[in-house]
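Comments concern the structure below.
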């Protein structure tokens, strides 16, 4: 039985999404919890892979399991309830539902979106969720530069060296800075992202906004 999970997580306690041999990850915690609750080995597949410290407001995951090997129940609402009691509060499951056996969280995803937040107000409420800067850069300059990203092209220069990507071609459909309250948020959407790509792009645009 293939099941989809919709979840969110605070990435601060984790070394990213993907399972690592010696580090704590979101996928590792989730796989362990599901394996214990369903009484069988579970391996999840996420729609994407977030880096260390990156949060997720909405993440989609699928996994396969056999109700007969567990308690024989397919009550997915109950599974959500039990998972949320079992998992660290940094991970929250919102929904579980059965999907076709050929549905794939990664390959059937049509787009992925990230937000990167800059804060210059010094507000302690943004301390762990934003890049705290002394002053905000020139938004108009950054948005002008961001327009050059709106294409399907090779983003290898924005990828961390040594990454195991089969291709570095990405199709970016949105790249825009927007002021929201006391923070400046970079919105970017693409069909796929490379390791550290968003951070590298933000860093480059920030320098443009500072007149560099």
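Only the coordinates and a few stated rules stand behind these numbers; no lab work does. Worth saying up front: this structure is predicted, and the values here are computed from it rather than measured. Backbone-built Cβ (ideal geometry, glycine too); neighbour counts: all protein chains shown.
Structure notes:
- Between 17, 131, 177, the GNM of the chain built on Cα springs shorter than 10 angstrom shows 131 fluctuating the most.
- When both bridge partners sit in segment 112-209, DSSP labels roughly 90% of those beta bridges antiparallel.
- Residue-averaged [θ]222 nm for the chain, counting only DSSP H segments that reach four residues, each worth -39500 (n - 2.57): -6500 deg cm²/dmol
- Cα-based Rg of segment 1-107 normalised by 2.2 N^0.38 Å, two decimals: 1.00
- Once Rg and the Kirkwood radius are both taken over the C-alpha atoms of segment 96-184, their ratio Rg/Rh works out to 1.06.
- Burial ranking of peptide ranges 5-12, 180-187, 102-109 (average Cβ count within 10 Å, highest at the top): 5-12, 180-187, 102-109
- As a proxy for reagent exposure, ranking 45, 59 by other Cβ atoms within 10 Å from fewest up yields 45, 59.
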